[in-house]
Amino acid sequence: MEPSKRHHPHLSPALHLLAFILNVLPGVCAEQETENLSGLSTDPYKDIFVVRENGTTCLMAEFAAKFNIAYDARASNYVDLITEQADISIPRGAGVRGKCGNNESELQISWLDDAYSFKLFFVKEIRNVSTRQDSYWKISKMQFVYDSSDTAHFKDAANAGKHTASSRRLSLFVTPLGKSYKCEAQETISVISSDHQKVVAILLSQIHIQPFGLKRDFIFSEASKCVVDQQEQLEETLPLILGLTLGLLIVVILSVYHIHHKLTAPSQVQIPRDRSEYKHM
């Protein structure tokens, strides 16, 4: 006897459409790809990372990064412990992963077979200012994973192995939505490691980041500069402004004096140079 075939005589067209959408949806989800464009940078210490969605840039970051890691090392007597520091930089061939979301985005850079990884977490937020709402983005968390078993950087590490250093409730690079954040000056972010609460200093400079709202491929939107850069720019332009103002003031004073001299000259009595002319006066 043939097995009975299942029929769904009451399956509505709406359910047919829903089944079709569910089958097709995985194939049309936004495809994201990442690129390390650090080779395009003329500065050997500056890296460029890009996350693209459906062929368009959705996250772009440029910066020079250095990590100063405090760790316990064995002293020469192999009994006492001393605090040493390892200095780590991101190599040019680092791998990059990331994702772009409506309200949250991430960028992760890793190298040396994932012995090291640096992860940035971005979020959108709305801030109420009096009667209006301002939208902005910021870095909400930083995470740095390192392996102190790497003897090239960690000599005689007492607690060799992988450790994670992360921030707590970070609010960094707060920038109006639709703009990029730019800062040439060095910024230091201190995070706490799982290795006996040691401090890891993350040094970032030549920063240019935008995790949301890029309007053109591989091109940052208008930059919002950090306070330090604004102060330095003011210090550079202030002497020029003062010099121009002083020069203009001198010109005005000389012009006023010249005009005043010409207006008062006819009313002055002419003193004869020859004494014989006095008798005719």
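The values are calculated or read from the model by the stated rules, or taken from the named source; none is laboratory data. Just so it is clear, the model here is predicted, and its values are computed rather than measured. All Cβ positions, glycine included, derive from the backbone under ideal geometry; neighbour counts span all protein chains shown. Note: accessible area is taken over every heavy atom of the protein model, side chains too, but ligands, DNA and RNA are not part of it. Shrake-Rupley method; radii C 1.70, N 1.55, O 1.52, S 1.80 Å.
Listing for the model above:
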| quantity | calculated |
| --- | --- |
| Filter result (outside any strand (DSSP E or B) and not β-branched (Val, Ile, Thr)) within the stretch 85-110 | Pro91, Arg92, Gly93, Ala94, Gly101, Asn102, Asn103 |
| Flag if Glu222 is under 18 Å from the mean Cα position of the chain (by Cα), open to solvent by 70 Å² or more (accessible area, probe 1.4 Å) and in contact (Cβ under 8 Å) with a residue 12 or more places away in the chain | yes |
| Unmet criterion (only one of (1) assigned to a loop (DSSP other than H, G, I, E, B); (2) of a type in the set (Val, Ile, Thr); (3) within 20 Å of Leu59 (Cβ to Cβ)) for Thr151 | (3) |
| Those residues of the stretch 127-139 which are at pLDDT below 95 and either assigned to a strand (DSSP E or B) or of a type in the set (D, E, K, R) (or both), in sequence order | Arg127, Asn128, Val129, Arg132, Gln133, Asp134, Ser135 |
| Where Asp113 falls short, out of the listed (1) open to solvent by 20 Å² or more (accessible area, probe 1.4 Å); (2) part of a strand (DSSP E or B) | (2) |
| Residue tally, condition outside any strand (DSSP E or B), surrounded by 14 or more Cβ atoms within 10 Å (Cβ to Cβ) and small (Gly, Ala, Ser), over the stretch 154-193 | 5 |
| Filter pass, Leu120 being in the same structural domain as Lys99 (by the TED database) and surrounded by 17 or more Cβ atoms within 10 Å (Cβ to Cβ) | yes |
| Considering residues of the stretch 114-126 that are closer than 14 Å to Asn103 by Cα and of a type in the set (D, E, K, R) only, the residue modelled with the highest pLDDT | Lys124 |
